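Only one structure is covered here, and it is reproduced in the block below.
The values are calculated or read from the model by the stated rules, or taken from the named source; none is laboratory data. Worth saying up front: this structure is predicted, and the values here are computed from it rather than measured. Note that each Cβ is placed from the backbone with ideal geometry, even for glycine, and that neighbours are counted across all protein chains shown. The protein model used for the area step is the full one, side chains on, heavy atoms only, and it has no ligands, DNA or RNA in it. Shrake-Rupley method; radii C 1.70, N 1.55, O 1.52, S 1.80 Å.
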Amino acid sequence: MYNLQLNIDRIVSLTQSKDLSINKMLKNAGLAPSIIDNMKRGRLPSIDKIYDIADYFDCSVDYLLGRTDNPNKQKSSNDFSGSSITNSNIANNSANITIKNENNLTDEESELINIYRTLNVKKRHQVLDLVFKLENEMKEINNVQ
């Protein structure tokens with residue numbers, strides 16, 4: 001479950017470590033000052049705003065979300081380092097990437113990863129935001145049943 005208070009506490013702590021005010025940090029990160037107030041009211045920020053804050057502090061999104069206590073960016077467990085990945089002809093923010101199915105991924109999962117990797121950062125954030133929303137909807141449905 002997403003813990004907004006933990007997210008707020010970590011943002012405040014990181015801001016204090018840089019000797020900044022919350023408003024100054026949000027302005028520097030190009031974000032609206034209302035984000036923290038909205039979080040205090042229980043409103044979940046969009047994933048792109050969480051990414052912007054993580055990028056500003058050069059920390060992992062997982063740290064901000066409370067999924068780890070290590071603020072350092074690390075390779076994702078989905079980095080596919082055990083698979084063969086080829087990347088050719090990178091141009092105009094697109095890449096021809098193929099993932100050989102050595103991680104027991106279904107063809108559908110491999111296709112999804114290949115498509116995701118061709119997206120620019122903004123589109124990736126939109127995909128992640130949608131996935132989180134769908135995940136929350138499924139959790140709500142399962143809790144009702």
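Miscellaneous remarks
- Extension gain for the segment N28 to S13, taken as residue separation times 0.36 nm less the Cα-Cα distance, is 3.8 nm to one decimal.
- Bridgeable aspartates and glutamates around K122 (alpha carbons under 19 Å apart, same-chain partners fewer than 8 residues away excluded): D48, D52, D55, D58, D62.
- Ranked by the mean number of other Cβ atoms within 10 Å of their residues, highest first, the peptides 57-64, 11-18 fall in the order 57-64, 11-18.
- Which of R67, R43, R124 is most accessible, then next, and so on - probe 1.4 Å: R67, R43, R124
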